[in-house]
Amino acid sequence: MRVTSSMMVRSTLRDLSSSLERLQDAQNRATSGKQLLRPSNNPTATAAAMTTRQELRRSEQMVKEAEDAKGWLSTADAALTSGLDLLRRANDVVVAARNAATSDPATRQSFALELRSLRAELLSIANTKYADRSIFNGNAAGAAYDATGAYLGDTGDVVRDVAPSLSVTVNVTGPTVFGTAGGPVGNLFEVLDRLATAVETGNDTAIAAEQANLAAARDAYTAATATIGVRAARMEQIETRAADDKLRLLTQLSNAEDIDVVDALIQVKQQETRYQASLQVAARIIPPSLMDFLR
Amino acid sequence: MPSIGSLTTSVSGLNAQRRVLDVTAHNIANANTEGYHRQRVELRSLSITGVSGIFSGPSRQMGVDATKVTRAYDELLATRFQREDAARSNANALRTTMDTIEKLFPEPGDLGIAHQLDQFWASWSSVATNPGSAAARQELLARADQLVSSLNRAAADLQGVAETAMARVGLMAEDVNSLADQLATTNRAIGSSANPSPDLFDYRDQLIGQLARLTGATARITDNGMADVYIGNRALVVGADLVEPVDGTTGALRWVNGNQPVVITSGEAAGLAATINDIVPRYQAMIDGIASNLVTGVNALHVAGYDQAGATGWNFFDPTALTAGTIALSADVAGQPGRIAAGAPVLPGPTAPGPLDGGQAREIARLADAAGGVNAQYRQMITALAAETRGATTRAAVQDQVAETAAMDLKSIGSVDLDEEMATLVSAQRAYEANARVITAIDEMLGFLIERTGVVGR
């Protein structure tokens with residue numbers, strides 16, 4: 001093939017410009033710290049990175065929800081556990097009151113007073129709030145119980161999505177814990193109310209009947225407390241796992257999107273050397289022609 | 001008179017060598033001219049037997065003829081280069097389009113639509129966790145607004161890509177007509193000259209090359225050196241006539257007579273036509289599908305949900321705006337965060353849930369993970385875009401290489417080599433000197449004859 005100087009100039013220029021393009025590409029990667037500058041750099045990796053990004057956002061949200069669920073459940077757990085002591089004390093008072101049934105009205109009065117104050121404390125537990133929201137009244141706004149012990153909430157569930165396709169119901173409604181109002185027995189507050197009156201009046205048969213009712217209410221309460229306790233304990237695990245998940249996704253995303261710094265710098269250096277070499281070669285081959293030798 | 005005849009022979013030699021020098025100078029002057037093909041003087045020896053004279057035998061007219069100048073050119077290689085060059089500008093146009101479209105979707109990153117979708121769903125989940133919070137609801141509306149305007153902008157930008165291409169087609173039509181006109185004029189100049197200059201042919205070939213680059217036009221060289229140019233088998237230029245101009249004002253190339261579309265298979269025009277008729281509509285359809293799924297998916301749940309006041313039936317997005325260009329928040333919720341239907345209906349009934357229920361907002365937030373949902377659809381679109389862009393880039397690079405090889409083959413024959421020209425220069429110069437020496441020799445011979453003979457009896 002006949003080769004002329006203009007052909008050499010042309011191909012040298014092309015080579016130089018493509019070499020410069022590669023250098024610029026390497027520099028872009030090194031300075032931006034990203035290996036996926038555009039989707040077409042690597043379509044498959046782009047799709048993977050986008051999926052990971054979405055999972056990461058979801059996971060961040062789930063970590064938030066898990067924290068919220070954990071706060072909600074541990075608040076409920078602490079409140080209900082403290083209530084257990086109050087119920088035990090109520091039972092002790094009733095037993096003492098039965099033994100002292102014959103004693104003077106002043107003693108009975110003081111027992112009744114204590115029962116009423118226990119009822120008030122339990123009522124305040126029933127109105128426990130988390131993040132300014134009553135936790136035992138379902139999805140209703142405001143307080144769960146009024147002063148008379150009437151339930152103001154609804155039966156709604158409060159759900160948190162704490163992990164991919166895992167949602168946790170974080171609430172129990174008032175009636176589940178404290179019993180349903182009305183009927184022959186009524187809820188815990190009604191039982192305690194009647195019990196205080198019976199103790200006050202020294203009505204032994206009534207006291208015995210209500211003591212049984214109190215025991216039943218206490219069983220229901222304990223069962224609800226246990227349920228919440230188990231859920232709260234499980235949330236610890238779930239939260240840890242959600243945090244781990246987030247970390248794993250962050251690492252995965254970094255692997256997909258970020259450059260290996262050392263590798264990128266070596267690439268830049270390599271392309272730079274290559275470019276300089278082509279410049280030197282170009283400087284050598286372009287000038288000489290027959291004119292330089294004919295005098 | 002052989003010696004007198006030698007004088008003529010040498011004069012023809014002098015002329016011929018001077019012509020060689022002229023052409024060499026022309027070559028060197030045009031060493032870097034694009035489209036120039038080196039020229040050669042075709043030297044031909046003359047040897048004509050003349051009529052016998054009275055005192056001489058039959059004389060022979062000798063010498064060299066240097067009237068014909070040819071250019072180093074290979075029609076086959078030139079045609080191949082034109083074809084590959086047209087394909088190259090087609091591939092480049094496609095690559096530019098894909099590049100532009102790709103830049104409209106900066107993924108993966110915090111600026112893309114994917115990120116805004118993620119934030120949109122996250123806001124729903126915030127509302128679900130905190131249905132009573134006005135801040136969470138307000139934020140959701142703001143995020144939705146951002147998402148909507150990003151989709152609007154993407155649609156407008158895509159349309160912009162098509163419109164730019166259409167404007168380019170309009171300019172191209174003018175270019176094509178002007179080139180065709182110049183070619184017709186050049187053809188006329190070639191046809192009217194008995195011995196047309198090689199530079200005219202270079203000019204003709206360059207015009208053909210430009211027409212091929214623009215429209216993939218093909219040329220047929222006729223016997224008299226004129227070029228007939230066809231686009232899609234319909235004549236643009238025949239001989240000295242511009243047969244039929246084209247029009248590009250509608251965004252597509254059309255023949256002026258009969259307003260029929262120009263059949264284009266290569267060249268920049270093919271790339272632009274693909275941009276306008278295939279690529280942009282395809283991605284518009286994809287992003288419209290995403291917008292429409294977003295609207296219907298969210299609305300289906302939202303209409304069934306209950307707002308803070310226990311009212312139901314609100315649309316979240318405008319249900320009549322189902323394209324990316326038009327998608328908008330519905331008048332039901334725009335500016336009224338209290339109307340976001342976070343509450344799930346209580347079944348059977350359905351009746352309104354408590355005001356702090358976030359069940360429906362949670363269902364909407366779960367759309368983020370839905371198989372075949374909006375996120376997955378968008379991801380598919382980006383993957384398709386990335387793959388197509390990569391393909392277009394690779395094809396353009398390959399075609400560039402092919403066209404460059406063809407250009408090199410053509411240049412290998414036609415380009416000026418300065419070394420070669422220097423050698424020609426030296427040899428022509430020497431030959432000129434030698435011819436001059438012959439004339440001096442003959443002159444001396446004649447002088448000797450005139451001065452030294454016939455002196456007897458003087």
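Viscosity 1.002 mPa s, temperature 20 °C: what is the translational diffusion coefficient of segment A:16-107 from Stokes-Einstein with a Kirkwood Rh over Cα pairs, rounded to a whole number of µm²/s?
Values: Rh = 20.2 Å.
Estimated via Stokes-Einstein, D reaches 106 µm²/s.
Would you mind giving the total buried accessible surface between chains A and B, with a 1.4 Å probe and ligands, DNA and RNA left out, rounded to the nearest 100 Å²?
When A and B are taken together, about 4300 Å² of accessible area is lost.
Compare each residue of segment B:394-441 in its chain alone against the assembly with all protein chains, and report those whose accessible area goes down by 30 Å² or more; 1.4 Å probe, heavy atoms.
B:GLU404, B:MET408, B:LYS411, B:SER412, B:SER415, B:ASP417, B:LEU418, B:ASP419, B:MET422
Which lysines, on any chain, are close to A:LYS246 with Cα under 25 Å apart, when same-chain ones fewer than 8 places away are left out?
A:LYS246 reaches A:LYS34, A:LYS64, A:LYS70.
Which one, A:GLY202, A:PRO39, B:LEU367, projects farthest toward the positive side of the charge dipole computed for the protein assembly as shown from Cβ point charges (K/R +1, D/E -1)?
Farthest towards the positive end: A:PRO39.
Angle check, please: helix B:374-414 long axis (alpha carbons) against the longest principal axis of chain B (alpha carbons), in degrees 0 to 90, nearest 10.
Once rounded, one gets 0 degrees.
Using all Cα-Cα distances in chain B, what percent lands in each 10 angstrom bin from 0 up to the longest?
4, 15, 16, 13, 12, 10, 9, 7, 5, 4, 3, 2, 1, 0, 0, 0
Quick check for you: with a 1.4 Å probe and neighbouring chains kept, what is the accessible area per residue of segment B:95-160, in Å²? All intermediate terms of the calculation are to be shown ahead of the outcome.
Working: 2340 Å² over 66 residues.
Heavy-atom SASA per residue in segment B:95-160 reads 35 Å².
Counting partner chain Cβ atoms within 10 Å of every residue's Cβ in A:46-59, what's the average? Mind dumping the intermediate values first?
Working: counts 8, 9, 3, 4, 13, 5, 1, 10, 12, 3, 1, 10, 9, 0.
The shielding value for this peptide is 6.
Angle check, please: helix B:418-452 long axis (alpha carbons) against the longest principal axis of chain B (alpha carbons), in degrees 0 to 90, nearest 10.
Roughly 10 degrees between the two axes.
Just to compare against my own numbers: the Cα pair-distance distribution for the protein assembly as shown, 10 Å bins, whole % per bin, please.
Pair shares across the bins are 2, 10, 13, 13, 12, 10, 9, 7, 6, 5, 4, 3, 2, 1, 1, 1, 0, 0, 0, 0.
Taking only Cα atoms and a 10 Å spring cutoff, compute GNM fluctuations for chain A and point out the largest among A:ARG133, A:ARG284, A:ARG218.
A:ARG284
Express the relative contact order of segment B:118-230 as a whole percentage, based on alpha carbon pairs under 8 Å and six or more residues apart in sequence.
Numbers: 71 pairs, mean separation 18.9, N = 113.
Reported relative contact order: 17 percent.
Sequence neighbours fewer than 8 away in the same chain don't count; with that in mind, list the aspartates and glutamates whose C-alpha is under 16 Å from B:LYS68.
B:ASP22, B:GLU42, B:ASP199
With an 8 Å cut-off on Cα pairs and a minimum separation of 6 or more residues, tell me the relative contact order of chain B in percent. Walk me through the numbers on the way to the answer.
Details: 743 pairs, mean separation 103.9, N = 458.
Once normalised by length, the contact order is 23 percent.
Only protein chains counted, 1.4 angstrom probe. Which residues of segment B:102-128 are at least 50 Å² less accessible in the assembly than when their chain is isolated?
B:GLU102, B:PRO108, B:ASP118
Given segment B:112-173, what whole percent of its Cα pairs are spread farther than 12 Å?
Working: 1357 of 1891 pairs.
Roughly 72 percent, rounded to a whole number.
Per residue, what volume in Å³ does the Cα convex hull of segment A:209-269 take up?
Details: hull volume 3.5 nm³, N = 61.
Per-residue hull volume (Cα only) is 57 Å³.
With the Cα gyration tensor of segment B:67-116 in hand, give its eigenvalues times 5 under a square root as the equivalent ellipsoid semi-axes, listed largest first in whole angstrom.
Details: eigenvalues 458, 15, 7 Å².
Result for segment B:67-116: semi-axes of 48, 9, 6 Å.
Using square roots of five times the C-alpha gyration tensor eigenvalues, list the equivalent-ellipsoid semi-axes of segment B:378-458 in whole Å, biggest first. All intermediate terms of the calculation are to be shown ahead of the outcome.
Working: eigenvalues 1174, 11, 6 Å².
Computed over segment B:378-458, the values are 77, 7, 6 Å.
Roughly how many percent of the accessible protein surface of the protein assembly as shown is carbon and sulfur, given a 1.4 Å probe and a whole-percent answer? Walk me through the numbers before you get to the answer.
Details: 20270 of 35910 Å².
Percent of accessible area from carbon and sulfur atoms in the protein assembly as shown: 56.
The values are calculated or read from the model by the stated rules, or taken from the named source; none is laboratory data. Computed from a predicted model, the values in this text were never measured in an experiment. No Cβ is skipped: glycine too gets one built from the backbone with ideal geometry, and neighbour counts run over all protein chains shown. The area values use the complete protein model at the heavy-atom level, side chains included, leaving out ligands, DNA and RNA. Shrake-Rupley method; radii C 1.70, N 1.55, O 1.52, S 1.80 Å.
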